[in-house]
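Trainee: One structure is given below, represented as structure tokens, and several questions about it will come after.
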Amino acid sequence: MSRRVLVTGGVRSGKSTYAESLLAHEQHVTYIAPGPIPDDSDPEWRARVLEHQKRRPAGWTTVETAEVASALRGTESPVVVDCIGTWVTAVLDEVAAWEAPDAQWRPEVDKRIDSLAEAWAARDQLSVAVTNEVGFGVVPGHRSGRIFRDVLGITNQRLAEASEEVALVVAGRVLHL
């Protein structure tokens, strides 16, 4: 039986730790990491990625890709996707959304959100996705912040709609929605 869980919350709230705990009993897990691959130009990002990698059990396979929908379709093992926010950033970068008018990039982004939501809904193994909750703050003062917030909010809604469970993590405490 499928079980899809969306884990949301603020930065450093404990989302990833909670998400990984849901899969701790699984021997083989595919860990889909859609964030940028760290290089020596950003030691702080590299340290964050290494912190996450150290927590993963030896039987877990990491797939670093922005093609999350394809990765979800391409594995039959339980999965964790961490993090949808970095996926949104990668997609928005790829379609040059930051500077272009909405009409130029919005159809492609909507298509990718549809593809991700469909792949998520089709999962028949335990699947956990981690995302950021950005809807509690003020309206961002810059267009790029508003674009990111809006696209991530829409993506989160679509994934929540296709999930059996949604958990909000605040200060390390889990609230089941």
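Trainee: Return the residues of region 103-113 that are within 15 Å of Ser144 (Cα to Cα) and touching a residue at least 40 places away in the same chain (Cβ under 8 Å); say none if nothing qualifies.
Mentor: Val109
Trainee: A further question follows. From the list Trp60, Trp87, Trp120, which one is over 22 Å from His25 (Cβ atoms) and either within 12 Å of the chain's Cα centre (by Cα) or modelled with pLDDT under 95 (or both)?
Mentor: Exactly one residue qualifies, and that residue is Trp87.
Trainee: Related question: Give region 147-164 a look and list any residue that's closer than 17 Å to Arg123 by Cα and among the hydrophobic types (A, V, I, L, M, F, W, C), or say none.
Mentor: Once the filter is applied, which keeps residues that are closer than 17 Å to Arg123 by Cα and among the hydrophobic types (A, V, I, L, M, F, W, C), region 147-164 yields Leu159, Ala160, Ala162.
Trainee: Which members of region 1-35 meet the condition of being of a type in the set (A, V, I, L, M, F, W, C), under 27 Å from Asp93 (Cβ atoms) and not in a strand (DSSP E or B)?
Mentor: Correct list: Val11, Ala19.
Trainee: From the list Val88, Val109, Val81, exactly one residue is closer than 16 Å to Arg158 by Cα and not in a helix (DSSP H, G or I). Which is it?
Mentor: None of the other options fit; the residue is Val81.
Trainee: OK, next. How about region 22-45: which of its residues are over 14 Å from Ser127 (Cα atoms) and either aliphatic (A, V, I, L, M) or modelled with pLDDT under 90 (or both)?
Mentor: Gly35, Pro36, Ile37, Pro38, Asp39, Asp40, Ser41, Asp42, Pro43, Glu44, Trp45
Trainee: Among (1) charged (D, E, K, R); (2) closer than 16 Å to Asp150 by Cα; (3) in contact (Cβ under 8 Å) with a residue 24 or more places away in the chain, where does Glu76 come up short?
Mentor: Only one criterion is unmet by Glu76, namely (2).
Trainee: So, in region 7-66, of the ones that are of a type in the set (Gly, Ala, Ser) and touching a helix residue (DSSP H, G or I) at 6+ places or on another chain (Cβ under 7 Å), which residue ends up farthest from Glu161 (Cα to Cα)? Before the answer, list the steps.
Mentor: Step one: list which residues in region 7-66 are of a type in the set (Gly, Ala, Ser), which gives 9-10, 13-14, 16, 19, 21, 24, 33, 35, 41, 47, 58-59, 66.
From the residues that got through so far, the ones that are touching a helix residue (DSSP H, G or I) at 6+ places or on another chain (Cβ under 7 Å) too are 9, 16, 35, 66.
Numbers: Gly9: 17, Ser16: 21, Gly35: 23, Ala66: 22 Å.
Here the answer is Gly35.
The values are calculated or read from the model by the stated rules, or taken from the named source; none is laboratory data. In this text the structure is predicted, and so the values were computed from the model without any measurement. Quick reminder, even Gly has a Cβ in these numbers, built from the backbone with ideal geometry, and neighbours come from all protein chains shown.
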